[in-house]
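What follows is a single structure, written as structure tokens, with notes after it.
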Amino acid sequence: MPKLDDFFDEIDLARIRRAKELSEVKRSFGRMTSGDVYGIASKAVVVLAYANWEGFYNECVRAYMRFLIEKGGKVRDTDWLLLVSAFHSDFESMRDRNHSLESRQKFVENLKTKIDCGFNAIDSTIVEARSNLDFARLSQNYELLSFDLASMQRVRNRLDKELVGWRHAVAHGDSPDLTTMDVEAHVDFASSLLVMIADRFQYAMLARV
């Protein structure tokens with residue numbers, strides 16, 4: 001049985017570290033935006049806020065997967081949809097071989113052993129952020145993880161428009177209108193998301209003990 005406190009501490013420490021970084025972002029750039037003609041400070045805040053959101057989410061995923069591996073058991077008994085991840089390499093193989101009859105036959109042969117796999121067969125990247133953690137991506141990941149998405153519904157629009165949308169525009173060389181952006185509010189929003197994500201993963205661990 002995994003030591004729950006160790007995994008909780010890992011997530012809490014990661015969140016605190018990122019919260020401190022976001023606090024420093026707010027302190028460093030908050031006073032610079034008023035005279036920021038080219039919006040450099042605002043763009044920096046947008047990129048750094050998103051980086052902490054995506055980075056922390058991925059840290060939680062990896063901690064959760066290690067927890068599941070230590071807990072043991074068969075994926076199909078508790079997390080049926082995570083078999084999508086276990087079969088990822090098989091799906092890719094079929095695609096690479098143009099879904100030929102031979103590749104499909106091989107898939108079915110592998111199914112006999114893969115269907116009873118443990119969590120060490122899971123490829124965690126399937127439920128990681130992969131550079132665009134918007135609401136649609138989060139919803140898909142939560143479904144595979146069998147997580148309740150209800151708590152994230154109220155932040156859906158702001159997540160997509162501000163945290164992800166602004167960062168996406170900046171990362172692709174565009175200049176979104178950030179003249180009305182409140183640096184403090186934007187950073188605080190990112191910090192609040194970290195708490196919500198931490199709570200979701202920790203609750204999922206607790207429910208399995």
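Brief remarks on what is shown
- Its residue count N fixes a reference of 2.2 N^0.38 Å for region 88-147, and the Cα radius of gyration divided by that reference is 1.36.
- Residues of region 66-95 with amide N under 13 Å of a point placed 7 Å along Cα→Cβ from residue 106: 89-95
- The ranking of 155, 187, 195 from fewest to most other beta carbons within 10 Å of each one's beta carbon is 195, 155, 187.
- Estimated inter-spin distance, residue 175 and residue 62, nm [label 7 Å along Cα→Cβ]: 3.7
- Rg over Rh [alpha-carbon atoms, Kirkwood Rh] for region 59-164: 1.04
- Residue order, fewest to most beta carbons within 10 Å, for 81, 22: 81, 22
- Between the alpha-carbon centres of region 158-207 and region 116-132 there is a gap of 23 Å.
- Angle between the chain longest axis and helix 183-207 axis [Cα atoms, degrees, rounded to 10]: 20
- Electrostatic tally near residue 115: other residues with Cβ closer than 12 Å to its Cβ, Lys and Arg +1, Asp and Glu -1, net 0.
- Taking amide H atoms as placed 1.01 Å from N in the peptide plane, the amide H of residue 123 lies under 5 Å from those of 86, each 5 or more residues away in sequence or on another chain.
- Compared with the dominant principal axis of the Cα atoms in the chain, helix 135-145 is inclined by about 30°.
- The chain, Rg to Rh (Cα coordinates; Rh as Kirkwood inverse mean 1/r): 1.06
- Among 137, 154, a tally of other beta-carbon atoms within 10 Å of each Cβ gives an order, fewest to most, of 154, 137.
Every number in this text was worked out from the coordinates using simple rules, so none of it is lab data. Nothing here was measured: the structure is a model prediction, and the numbers come from that model. Using ideal geometry, Cβ is built from the backbone for each residue, glycine included, and neighbour counts are taken over all protein chains shown.
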